[in-house]
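A.B. asks: Handing you a structure now.
The values are calculated or read from the model by the stated rules, or taken from the named source; none is laboratory data. Only a predicted model underlies this, so the values are computations on that prediction, with no experimental measurement involved. Note: ideal-geometry Cβ built from the backbone for every residue, glycine included; neighbour counts use all protein chains shown. Accessible surface areas use protein heavy atoms only, side chains included; no ligands, DNA or RNA. Shrake-Rupley method; radii C 1.70, N 1.55, O 1.52, S 1.80 Å.
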Amino acid sequence: MGVIRFLVLTFVAAGLLIYRGTLYNGLVALRNDIDKAWANIDVLLKQRYDELPRLADVCKGYMQYERETLQQLTEARAQCAAAVTVNQKAQQSGRVSASIQRLLATAENYPDLKANQTFLELQERITGLERQIADRREFYNDAINLFNTRIRQMPDALLASIAGFQARQLLQVTAAEKAPVPVAAILMTR
């Protein structure tokens, strides 16, 4: 009888260890998915960052009276480069996106600029990058939501607290991104 009891306890203990390992590995995989999702966003932010000076240079020749718009874009780009944490990068990225929207909306007042092939290519490239960034942000937030849900549900919550897993913050739309692009004022100057 003692041998059977020992075997049963051994199997139960092994089963619990395997179950705990499976839970832990699942949480690690989710955490890695979040890091991978952010890395994908970061690559796109870098690509956009590299395109912005070219866009500003093309616009400078045409937009003599729009120095403030170009300056805002340059400042937002510089602050995005200085950002270190995910939250800082996300916030500064929002400022860059808002500045790009203002610049592209302002470009509507300059027919020669709108006809410039280099400007059109850059506009298309940056607009495409903005769409990809938005898509990746959605994936990033989905990964965070799944991770945060798992570390708050039982039995994962027990293991998460022991292993030190911390909830992550979702990316939020910044105030700069929510601000309307002054299209009405641009259209009135035509």
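A.B. asks: Kindly provide the set of residues from region 101-119 that are over 10 Å from MET63 (Cβ atoms) and under 25 Å from the mean Cα position of the chain (by Cα), ordered by number.
C.D. replies: Residues satisfying the conditions are GLN101, ARG102, LEU104, ALA105.
A.B. asks: If the requirement is being open to solvent by 70 Å² or more (accessible area, probe 1.4 Å), outside any helix (DSSP H, G or I) and either under 23 Å from ILE133 (Cα atoms) or free of Cβ contacts under 8 Å to residues at least 24 places away in the same chain (or both), which of these qualifies: VAL8, VAL84?
C.D. replies: Just a single option satisfies the conditions, and that option is VAL84.
A.B. asks: Of everything in region 105-123, what is open to solvent by less than 30 Å² (accessible area, probe 1.4 Å) and not β-branched (Val, Ile, Thr)? Give them in sequence order.
C.D. replies: Passing the criteria: ALA105, ALA107, LEU113, PHE119, LEU122.
A.B. asks: Only one residue in ASP50, ASP33, ASP42 is exposed (fewer than 12 other Cβ atoms within 10 Å of the Cβ), at pLDDT 90 or above and either assigned to a helix (DSSP H, G or I) or of a type outside the set (Phe, Trp, Tyr) (or both). Which one?
C.D. replies: Residue meeting the stated conditions: ASP50.
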